[in-house]
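Here's the structure, in structure tokens; my notes come after.
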Protein chains: 2
Amino acid sequence: MILSKSCIYGIQSAIYVAAHDSQGYVSINQISSELQISFHFLTKVLQQLTQEGIMNSYRGPRGGVALARQKSEVTLFELIAAIDGTSIFTECLLGLPGCGVAEPCPAHEHWTKLRIELTAIAKRVTLKDLGDKASELNVRLSKEFRYAGSPVEGAKG
Amino acid sequence: MILSKSCIYGIQSAIYVAAHDSQGYVSINQISSELQISFHFLTKVLQQLTQEGIMNSYRGPRGGVALARQKSEVTLFELIAAIDGTSIFTECLLGLPGCGVAEPCPAHEHWTKLRIELTAIAKRVTLKDLGDKASELNVRLSKEFRYAGSPVEGAKG
DNA sequence: GTAATTTCGGACAAGAGAGTCGGAAATCTT
DNA sequence: AAGATTTCCGACTCTCTTGTCCGAAATTAC
């Protein structure tokens with residue numbers, strides 16, 4: 001798996017929150033039930049995002065989480081880095097320590113090219129892009145939740 | 001981590017074996033000690049490769065493993081598929097079931113492009129390519145083992 | 001044929017990621 | 001002030017990967 005489940009949940013939630021940013025704080029309970037993610041588990045994932053300054057949180061009734069910045073200013077790169085770290089953007093394919101220009105590994109040049117591209121895309125794509133794309137295509141965000149519409153009938157895992 | 005440790009060990013070993021293909025069967029003990037991989041663990045990884053028909057194995061003194069085909073005909077794709085499976089070549093970035101052209105996820109188009117490129121590279125690059133590159137650059141394959149040379153001084157993890 | 005070598009195979013332990021549970025802290029509503 | 005809501009936080013379980021250990025099976029060497 002490229003991204004950890006935590007990371008995927010975080011990205012999905014961020015897109016969801018960005019889609020509901022007019023609503024003020026969005027409760028984790030709402031996110032978890034719409035996106036079909038374990039509530040308590042999602043709690044911790046979103047805590048990471050708030051600790052990294054990507055989201056703000058607020059306790060008490062009508063509390064929840066909200067984006068700390070404009071959705072056009074939160075990149076996919078930040079989201080991934082906040083949860084999974086930057087290793088997928090920097091690490092050697094063969095996991096060799098010190099692999100780099102000075103001491104390349106046999107797969108170095110092939111992987112480096114892709115990695116640079118991946119990094120560029122991740123830094124370019126924002127939550128706004130993801131949300132707009134989702135909205136435009138009426139695309140699903142989870143098994144049950146479609147971005148712009150109502151729950152999917154008969155969606156299967 | 002993109003590839004599992006098992007997969008990385010398998011690829012490293014395959015490169016090593018390809019480099020020593022004139023030697024006949026290469027013992028797992030030799031591979032594990034030169035590549036600094038746990039012997040018993042490597043045993044199982046290489047069993048997978050033999051079960052997948054990528055390597056042949058032979059028991060008894062002077063036994064070991066050897067490539068089942070020419071090194072120019074074993075692709076990186078096969079090695080990865082044999083150990084980690086093909087999910088990284090097919091899976092949705094956000095892990096959404098059924099993500100595809102018909103039902104794209106918000107990150108679909110960005111990831112698909114990279115995935116296709118990754119697949120193409122993995123299918124194009126062979127053990128011979130990896131070995132040649134390693135040999136040409138006198139590149140290291142592990143902390144201790146340099147493909148064409150002697151152990152590295154002061155290599156650090 | 002006996003001993004040594006080497007892969008094969010199952011059982012087990014350690015660690016990380018994923019998921020569950022319960023309670024504390026903060027905040028709003030009444 | 002009391003109660004409800006909601007995030008925060010620590011402890012625990014489950015599962016999968018990684019790694020260890022031991023013995024069985026195959027093959028060679030003597």
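The values are calculated or read from the model by the stated rules, or taken from the named source; none is laboratory data. Predicted model, so just to flag it, every value in this text is computed and none were measured. Neighbour counts run over all protein chains shown; Cβ positions are idealised from the backbone, glycine included.
Total residues in segment B:75-99 satisfying the condition of being part of a helix (DSSP H, G or I) and not charged (D, E, K, R): the figure is 11. Keeping to segment A:56-73, report how many residues are within 12 Å of DNA strand D (Cβ to nearest atom) and part of a strand (DSSP E or B). Adding up the residues that qualify gives 6.
Name every residue in segment B:54-76 that is among the polar types (S, T, N, Q) and within 11 Å of DNA strand C (Cβ to nearest atom), in order of residue number. Passing the criteria: B:N56, B:S57.
Taking the numbered list (1) within 14 Å of DNA strand D (Cβ to nearest atom); (2) within 14 Å of chain A (Cβ to nearest Cβ); (3) crowded, with 22+ Cβ neighbours inside 10 Å in turn, B:A14 passes all entries but (1).
Residue-wise test of (1) more than 9 Å from chain B (Cβ to nearest Cβ); (2) in contact with an Asp or Glu (Cβ under 9 Å, 6 or more places away or on another chain); (3) over 22 Å from A:S13 (Cα atoms); (4) touching a residue at least 12 places away in the same chain (Cβ under 8 Å).
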residue: A:V74; (1), (2), (3), (4): yes, no, no, yes
residue: A:I80; (1), (2), (3), (4): yes, no, no, yes
residue: A:G98; (1), (2), (3), (4): no, no, yes, no
residue: A:E103; (1), (2), (3), (4): no, no, yes, no
residue: A:T112; (1), (2), (3), (4): yes, no, yes, no
residue: A:T119; (1), (2), (3), (4): yes, no, no, yes
residue: A:L130; (1), (2), (3), (4): no, no, no, yes
residue: A:A134; (1), (2), (3), (4): no, no, no, yes
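Here A:E109 meets each of (1) under 30 Å from A:S32 (Cα atoms); (2) modelled with pLDDT of 85 or more with one exception, condition (1). If you go through segment B:4-37 and pick out every residue that is outside any helix (DSSP H, G or I) and touching an Asp or Glu at 6+ places or on another chain (Cβ under 6 Å), you end up with 2.
Within segment A:31-53, being surrounded by 15 or more Cβ atoms within 10 Å (Cβ to Cβ), away from chain B (no Cβ under 11 Å) and either more than 14 Å from DNA strand C (Cβ to nearest atom) or of a type in the set (A, V, I, L, M) (or both) holds for A:I31, A:E34, A:I37, A:L42, A:V45, A:L46, A:L49, A:E52. Examine segment A:4-25 for a residue that is among the aromatic types (F, W, Y), under 19 Å from B:P97 (Cβ atoms) and without any contact (Cβ under 8 Å) to a residue 60 or more places away in the chain, and state whether such a residue exists. Checked against the condition, which is being among the aromatic types (F, W, Y), under 19 Å from B:P97 (Cβ atoms) and without any contact (Cβ under 8 Å) to a residue 60 or more places away in the chain, segment A:4-25 yields at least one hit. Determine whether segment B:38-55 contains at least one residue that is part of a strand (DSSP E or B) and of a type outside the set (V, I, T). Yes, the conditions are met somewhere in segment B:38-55.
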